[in-house]
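Trainee: Before I ask anything, here is the structure I am working with.
The values are calculated or read from the model by the stated rules, or taken from the named source; none is laboratory data. In this text, all values refer to a predicted model and were calculated from it rather than measured experimentally. Don't worry about glycine lacking a Cβ; one is built from the backbone with ideal geometry, like all the others, and counts go over all protein chains shown. Keep in mind that these areas ignore ligands, DNA and RNA; they rest on the heavy atoms of the full protein, side chains included. Shrake-Rupley method; radii C 1.70, N 1.55, O 1.52, S 1.80 Å.
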Amino acid sequence: MSKKENIVIIGAGLCGSLLALRLAQRGYKVSMYESRPDLRTTDISAGRSINLALSDRGFKALRLCGVEEKARDICIPMYGRLMHDREGNTFASSYSGREGEYINSISRGDLNGILLTEAEKHENVTIHFNTECTSVDIENTVAYFKDYNTKEEFSVDGDVIFGTDGAGSALRKSYYLERKFLFSYSQNFLTHGYKELEIPADTLGSHQISKEHLHIWPRGEYMLIALPNLDGSFTVTLFLSYDEGEYNFNNLTSEEKITEFFEKEFSDALELIPCIKDEFLNNPTGALGTVKCSPWHYQNKTLLLGDAAHAIVPFYGQGMNASFEDVTVFDTILDEHEGDWGATFKAYEKARKEDTDAIADLAIDNFYEMRDHVANPLFKQKRKLEMDLEKTFPTEYFSKYSMVTFNEEIPYAEAMKKGRAQDKALLNMVAHHDLDVITDLNEVLKKVQEETNEILEED
Ligand code: FAD
């Protein structure tokens, strides 16, 4: 394999631009095609600032590519959740009992811009914007495109084609349509969708609520969350059913009903969202789904990465982190198999699939946890116990959340298995009032570890 060979990447989002950067650093010639305009020069956010929670798995990949510090410069640390009840009372819950473990709010557009700029610094990378891939002939590694500037249609013959074109991947569709191999595919939508709103900065340009927290208004059937932006605003996301319950996206169609819903359920937030009616009626409603598929590759010719291979619901804040981790794992596999794309793709998928399936399932679990359980007294007690254990035994006890979010060396599948067993053990203890009897934290830790091991052995 010659490093000069032509690598085609479809989709210059978060995963594609990081992959392009890494492959360029390794000496490959990369041509990347993106359906949207260049987000560094065109405002494609419809006036909204969209942010994401970036954590340790994401940072590890950014570090590998030499862009960690650039990303950290535009991060806002969030040390825990701040829950808002219907009466406007708040209570905080840390993400970790250990010092220095927090998640970060980062602008999707700014981070993507950094990655594009870093990739473009390499003369062996060319990025074509406004160019949509319409299909891929996977057998002959030819990708078909439409250029929205010139309205021309053209094809590109790559030696290898990567699909990092997100949840609606054109490469993945071609796997299905071409029927060259047995391709398994599932897409499961939640009955809930999401809508982004905004809490603007105050008149001094400052944040109106704590910027050190990810804010949650958990209401069982629905949920509002808010993440801070550098300009003093918050991006607020409402998760709501399309058609179930008293209030849903299908019936919230009048200004009166929207106001009634927010006054009743989120009155403290309503005071902070001045353009609620306008935003609610005009901002799009997005669907939330999980995509699982296999295989991700076709022979030595094509490979799916990021959301194109494994789109997940956003409730663990891990979709981007997992997509970045794809690049870390791929890079390690490339070290072992460089020169043989077929072996590289096969080994990569074998190493990665179990973990991306696990984070997909964990993200669904967290939907219910954030929506319902965070306000439940048993859950609160369990979470407090976990924080005490992490504080007291920082090198011995790691909650499921910590393993997933802050322990990038623990694969997702392992974090899920151990974390779920640990959660069961802790909830058993809390529900059975064991803590009335066992007050020494050393004893508590011992019992949790023993019960966790028993549960793991039973499974
Ligand atoms: P994308 O970001 O979707 O990028 C795909 C790119 O391909 C886009 O630029 C697109 O324009 C382009 N493209 C698509 N089709 C074509 C085509 N046919 N031809 C050419 N180009 C094409 N993750 C986190 O880690 N933390 C969070 O807090 C978080 N919050 C989220 C909140 C919400 C509401 C949602 C929906 C997702 C969230 N995620 C979060 C998940 C995260 O957004 C995705 O996992 C991440 O964007 C995946 O990156 P990607 O590059 O694989 O796909």
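Trainee: Among the numbered conditions (1) within 10 Å of the ligand (Cβ to nearest atom); (2) charged (D, E, K, R); (3) out of contact with any strand residue (DSSP E or B) (no Cβ under 9 Å at 6 or more places or on another chain), tell me where Asp307 comes up short.
Mentor: (3)
Trainee: Between a first residue in region 431-452 that is within 22 Å of Asn376 (Cα to Cα) and a second residue that is in a helix (DSSP H, G or I) and among the small types (Gly, Ala, Ser), which pairs have beta carbons less than 8 Å apart while being 6 or more apart in sequence or on different chains?
Mentor: Val448/Ala425
Trainee: Could you identify the single residue in Ala71, Ala24, Ala92 that is more than 21 Å from Val313 (Cα to Cα), out of contact with any Pro (no Cβ under 7 Å at 6 or more places or on another chain) and within 13 Å of the ligand (Cβ to nearest atom)?
Mentor: Sole residue among the options that is more than 21 Å from Val313 (Cα to Cα), out of contact with any Pro (no Cβ under 7 Å at 6 or more places or on another chain) and within 13 Å of the ligand (Cβ to nearest atom): Ala71.
Trainee: Mind listing whichever residues of region 4-26 are at pLDDT 95 or above and either open to solvent by 50 Å² or more (accessible area, probe 1.4 Å) or more than 22 Å from the chain's Cα centre (by Cα) (or both)?
Mentor: Listed by number, the residues that qualify are Ile7, Val8, Leu23, Ala24, Gln25, Arg26.
Trainee: Could you please find all residues in region 222-246 being closer than 14 Å to Tyr194 by Cβ and either of a type in the set (D, E, K, R) or not in a strand (DSSP E or B) (or both)?
Mentor: Tyr222, Tyr242, listed by residue number.
Trainee: Which of the residues that make up region 27-63 are of a type in the set (A, V, I, L, M, F, W, C) and open to solvent by 60 Å² or more (accessible area, probe 1.4 Å)?
Mentor: Narrowing region 27-63 to residues of a type in the set (A, V, I, L, M, F, W, C): 30, 32, 39, 44, 46, 50, 52-54, 59, 61-62.
Answer for region 27-63, where residues must be of a type in the set (A, V, I, L, M, F, W, C) and open to solvent by 60 Å² or more (accessible area, probe 1.4 Å): Ile44, Ala46.
Trainee: Using the structure shown, decide if Phe249 is in a helix (DSSP H, G or I) and among the aromatic types (Phe, Trp, Tyr).
Mentor: No: the conditions fail for Phe249.
Trainee: Okay, next question. Is there a residue being under 19 Å from His373 (Cα atoms), crowded, with 20+ Cβ neighbours inside 10 Å and either modelled with pLDDT of 95 or more or more than 22 Å from the chain's Cα centre (by Cα) (or both) anywhere in region 240-247?
Mentor: Yes: region 240-247 contains one or more residues that are under 19 Å from His373 (Cα atoms), crowded, with 20+ Cβ neighbours inside 10 Å and either modelled with pLDDT of 95 or more or more than 22 Å from the chain's Cα centre (by Cα) (or both).
Trainee: Of all residues being modelled with pLDDT under 95 and not charged (D, E, K, R) in region 97-142, which is nearest to the chain's Cα centre (by Cα)? Just the residue, please.
Mentor: Gly100
Trainee: Return the total of residues in region 260-285 being open to solvent by less than 30 Å² (accessible area, probe 1.4 Å) and either of a type in the set (S, T, N, Q) or modelled with pLDDT under 95 (or both).
Mentor: Qualifying residue count for the region: 1.
Trainee: Within region 310-330, which residues are in contact with a Lys or Arg (Cβ under 6 Å, 6 or more places away or on another chain) and more than 9 Å from the ligand (Cβ to nearest atom)?
Mentor: Selection gives Glu325, Val327, Thr328, Val329.
Trainee: Just give me the residues in region 147-196 being away from the ligand (no atom under 15 Å from the Cβ) and surrounded by 15 or more Cβ atoms within 10 Å (Cβ to Cβ), in sequence order.
Mentor: Passing the criteria: Asp159, Val160, Glu178, Phe183.
Trainee: Starting from residues that are touching a residue at least 60 places away in the same chain (Cβ under 8 Å) and open to solvent by less than 20 Å² (accessible area, probe 1.4 Å), keep the ones in region 226-236 and report whichever is nearest to the ligand (Cβ to nearest atom).
Mentor: We begin by selecting, within region 226-236, every residue touching a residue at least 60 places away in the same chain (Cβ under 8 Å); these are 227-231, 233, 235.
If we keep only those that are open to solvent by less than 20 Å² (accessible area, probe 1.4 Å) too, we end up with 227-229, 233, 235.
Values: Leu227: 7, Pro228: 12, Asn229: 13, Ser233: 16, Thr235: 9 Å.
The selected residue is Leu227.
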